[in-house]
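Student: Let me begin by handing over the structure; questions about it come next.
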Amino acid sequence: MEYAVECRDLTHYYGKRLIFENMNFNVRRGSIFGLLGKNGTGKTTTINILNGFLTPTGGQCLVFGEDSRALTPATKARMGFLIEGHVQYAFMTIRQIEKFYSAFFPRWNKAPYYELMAKLEVTESQKLSTMSCGQRSQVALGLILAQDPDLMVLDDYSMGLDAGYRRLFIDYLQEYARAEGKTIFITSHIIQDLDGLIDDCVIIDYRSVLVTMPIRQFQSEFKRFTFTSSVADLKLPKDDVVKNTECIKHHATLYSFKPRQDVEAYLRGRNIGFEGLKEVPMSLEDAFIGITGKY
């Protein structure tokens, strides 16, 4: 089976409010997949559908070939889920929570858990209640790894973590996933953390899908152009050439998947005078803001 997850024409409403419509994407087995979007665009909704917690209004989500609305215990055992906020039993110690979780998972392998705990320099007798949010996040990740799931679903792991703990989380996760051939489905509000981590992505906006492609292809093909416009506060409609524009007075920025010559022809064809048109490099976060907009 090539794909761990397949979403086909996935549609969901909350009452009369449309969250997304006809969303399609596939998550390749052994890959790290990023679901990116602003707050309220449906990332957690998608994860809840994937896990079988929520029935979609329309379409279908398959996990290892099974419909998410009727996942068998065998398939659920292949999935590990890190919920937003890292909910834990704070009264337990490092050792106690590992023993507690181990009873529920037949493939339990405690080695990755204790390896990660060693990096935190905490004792097995230390209670979670005495640990920082960042340290508890590593406990949560360690417990997911110990389950030995084929698919790890991580919903906004970064909440409450400082830069150091976010980097530890990402580095260890990436090393483990690559070494063990695991599939990762991840969301995050810290887009720059995913730069160099994810293989493929889907970027969603309110009620629509903006991009579905390998991340390197997105970063290579999506471009930012700056220029001085003859039109003050220039605002262009989104179409095949223009994916977004920003303008303060006469200083304009245009985002497009098209090459420079096509952008030049586009502006000339609309009688928009311009000077100093140039392509400006972008980070993944820049590109994300460019495709989704700042507001």
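The values are calculated or read from the model by the stated rules, or taken from the named source; none is laboratory data. Everything numeric here is computed off the predicted structure, so don't read it as measured data. Here the Cβ positions follow ideal geometry from the backbone for every residue, glycine too, while neighbour counts run over all protein chains shown. Side chains included, ligands, DNA and RNA excluded: accessible areas come from the protein's heavy atoms. Shrake-Rupley method; radii C 1.70, N 1.55, O 1.52, S 1.80 Å.
Student: In the stretch 8-25, is there at least one residue being over 22 Å from Leu197 (Cα atoms), part of a loop (DSSP other than H, G, I, E, B) and either touching a Ser or Thr at 6+ places or on another chain (Cβ under 7 Å) or open to solvent by 40 Å² or more (accessible area, probe 1.4 Å) (or both)?
Tutor: There is at least one residue in the stretch 8-25 that is over 22 Å from Leu197 (Cα atoms), part of a loop (DSSP other than H, G, I, E, B) and either touching a Ser or Thr at 6+ places or on another chain (Cβ under 7 Å) or open to solvent by 40 Å² or more (accessible area, probe 1.4 Å) (or both).
Student: All but one of (1) open to solvent by 40 Å² or more (accessible area, probe 1.4 Å); (2) touching a helix residue (DSSP H, G or I) at 6+ places or on another chain (Cβ under 9 Å); (3) not hydroxyl-bearing (Ser, Thr, Tyr) hold for Leu35; which doesn't?
Tutor: With (1) open to solvent by 40 Å² or more (accessible area, probe 1.4 Å); (2) touching a helix residue (DSSP H, G or I) at 6+ places or on another chain (Cβ under 9 Å); (3) not hydroxyl-bearing (Ser, Thr, Tyr) applied to Leu35, the lone miss is (1).
Student: Something else: May I ask you to list the residues in the stretch 197-208 that are farther than 27 Å from Arg178 by Cα, of a type in the set (D, E, K, R) and part of a strand (DSSP E or B)?
Tutor: If the condition is that a residue be farther than 27 Å from Arg178 by Cα, of a type in the set (D, E, K, R) and part of a strand (DSSP E or B), then Asp205 is the only one that fits.
Student: When you scan the stretch 161-180, how many residues do you find that are touching a residue at least 60 places away in the same chain (Cβ under 8 Å) and either open to solvent by 40 Å² or more (accessible area, probe 1.4 Å) or of a type in the set (Asp, Glu) (or both)? Talk me through it step by step, then tell me what you get.
Tutor: Keep residues of the stretch 161-180 that are touching a residue at least 60 places away in the same chain (Cβ under 8 Å), which gives 174, 176-177.
If we keep only those that are either open to solvent by 40 Å² or more (accessible area, probe 1.4 Å) or of a type in the set (Asp, Glu) (or both) too, we end up with 174.
Summing the residues that are touching a residue at least 60 places away in the same chain (Cβ under 8 Å) and either open to solvent by 40 Å² or more (accessible area, probe 1.4 Å) or of a type in the set (Asp, Glu) (or both) in the stretch 161-180 gives 1.
Student: Within the stretch 134-160, count every residue that is open to solvent by 50 Å² or more (accessible area, probe 1.4 Å) and either at positive phi or over 20 Å from the mean Cα position of the chain (by Cα) (or both).
Tutor: Restricting attention to the stretch 134-160, the residues satisfying the condition of being open to solvent by 50 Å² or more (accessible area, probe 1.4 Å) are 136, 159-160.
If we keep only those that are either at positive phi or over 20 Å from the mean Cα position of the chain (by Cα) (or both) too, we end up with 136, 160.
Result for the stretch 134-160: 2.
Student: Here's a follow-up. Checking Thr245 against (1) out of contact with any Leu (no Cβ under 8 Å at 6 or more places or on another chain); (2) without any contact (Cβ under 8 Å) to a residue 24 or more places away in the chain; (3) open to solvent by less than 40 Å² (accessible area, probe 1.4 Å), only one condition comes out false. Which one?
Tutor: All conditions are met except number (1).
Student: Considering each residue of the stretch 79-93, count those that are open to solvent by less than 90 Å² (accessible area, probe 1.4 Å) and closer than 26 Å to Thr187 by Cα, and give that number.
Tutor: Residues flagged as open to solvent by less than 90 Å² (accessible area, probe 1.4 Å) and closer than 26 Å to Thr187 by Cα within the stretch 79-93 amount to 10.
Student: Which of the following residues is out of contact with any Phe, Trp or Tyr (no Cβ under 7 Å at 6 or more places or on another chain) and within 21 Å of Asp155 (Cα to Cα): Lys43, Lys110?
Tutor: When all the criteria are applied, what remains is Lys43.
Student: Are any of the residues in the stretch 181-194 in contact (Cβ under 8 Å) with a residue 24 or more places away in the chain and more than 15 Å from the chain's Cα centre (by Cα)? So that I can check it myself, show each step before the final result.
Tutor: As a first pass, look at the stretch 181-194 and keep what is in contact (Cβ under 8 Å) with a residue 24 or more places away in the chain: 181-194.
With more than 15 Å from the chain's Cα centre (by Cα) added as a condition, the list becomes 181-182.
Within the stretch 181-194, one or more residues are in contact (Cβ under 8 Å) with a residue 24 or more places away in the chain and more than 15 Å from the chain's Cα centre (by Cα).
Student: Right, another one. Please go through the stretch 181-194 and pick out each residue that is over 20 Å from Thr45 (Cα atoms) and buried (at least 19 other Cβ atoms within 10 Å of the Cβ).
Tutor: Of everything in the stretch 181-194, those that are over 20 Å from Thr45 (Cα atoms) and buried (at least 19 other Cβ atoms within 10 Å of the Cβ) turn out to be Lys182, Asp193, Leu194.
Student: Looking at the structure I just gave you, is Leu71 in contact (Cβ under 8 Å) with a residue 12 or more places away in the chain, within 22 Å of the chain's Cα centre (by Cα) and open to solvent by less than 40 Å² (accessible area, probe 1.4 Å)? Walk me through how you get there before you give the answer.
Tutor: Details: in contact (Cβ under 8 Å) with a residue 12 or more places away in the chain: yes; within 22 Å of the chain's Cα centre (by Cα): no; open to solvent by less than 40 Å² (accessible area, probe 1.4 Å): yes.
No.
Student: From the list Leu267, Leu277, Leu236, pick out the single residue that is open to solvent by less than 30 Å² (accessible area, probe 1.4 Å), modelled with pLDDT under 95 and among the aliphatic types (A, V, I, L, M).
Tutor: Every option except Leu236 fails the conditions.
Student: Using the structure shown, decide if Asp200 is under 27 Å from Ala163 (Cβ atoms) and either surrounded by fewer than 16 Cβ atoms within 10 Å (Cβ to Cβ) or in contact with a Phe, Trp or Tyr (Cβ under 8 Å, 6 or more places away or on another chain) (or both).
Tutor: Considered against the rule, which asks whether it is under 27 Å from Ala163 (Cβ atoms) and either surrounded by fewer than 16 Cβ atoms within 10 Å (Cβ to Cβ) or in contact with a Phe, Trp or Tyr (Cβ under 8 Å, 6 or more places away or on another chain) (or both), Asp200 comes out as yes.
Student: Which residue, of Leu50, Leu62, is in contact with a helix residue (DSSP H, G or I) (Cβ under 9 Å, 6 or more places away or on another chain) and either acidic (Asp, Glu) or buried (at least 22 other Cβ atoms within 10 Å of the Cβ) (or both)?
Tutor: Testing whether each residue is in contact with a helix residue (DSSP H, G or I) (Cβ under 9 Å, 6 or more places away or on another chain) and either acidic (Asp, Glu) or buried (at least 22 other Cβ atoms within 10 Å of the Cβ) (or both) leaves just Leu50.
Student: Oh, and also: I'd like to check something: does the stretch 82-91 contain any residue that is within 27 Å of the chain's Cα centre (by Cα), part of a loop (DSSP other than H, G, I, E, B) and modelled with pLDDT of 95 or more?
Tutor: Scanning the stretch 82-91 turns up no residue that is within 27 Å of the chain's Cα centre (by Cα), part of a loop (DSSP other than H, G, I, E, B) and modelled with pLDDT of 95 or more.
Student: Just to verify a result, which residue in the stretch 249-264, among those that are open to solvent by 60 Å² or more (accessible area, probe 1.4 Å) and in contact (Cβ under 8 Å) with a residue 24 or more places away in the chain, is farthest from Asp200 (Cα to Cα)?
Tutor: Looking at the filtered set, the residue picked out is His251.
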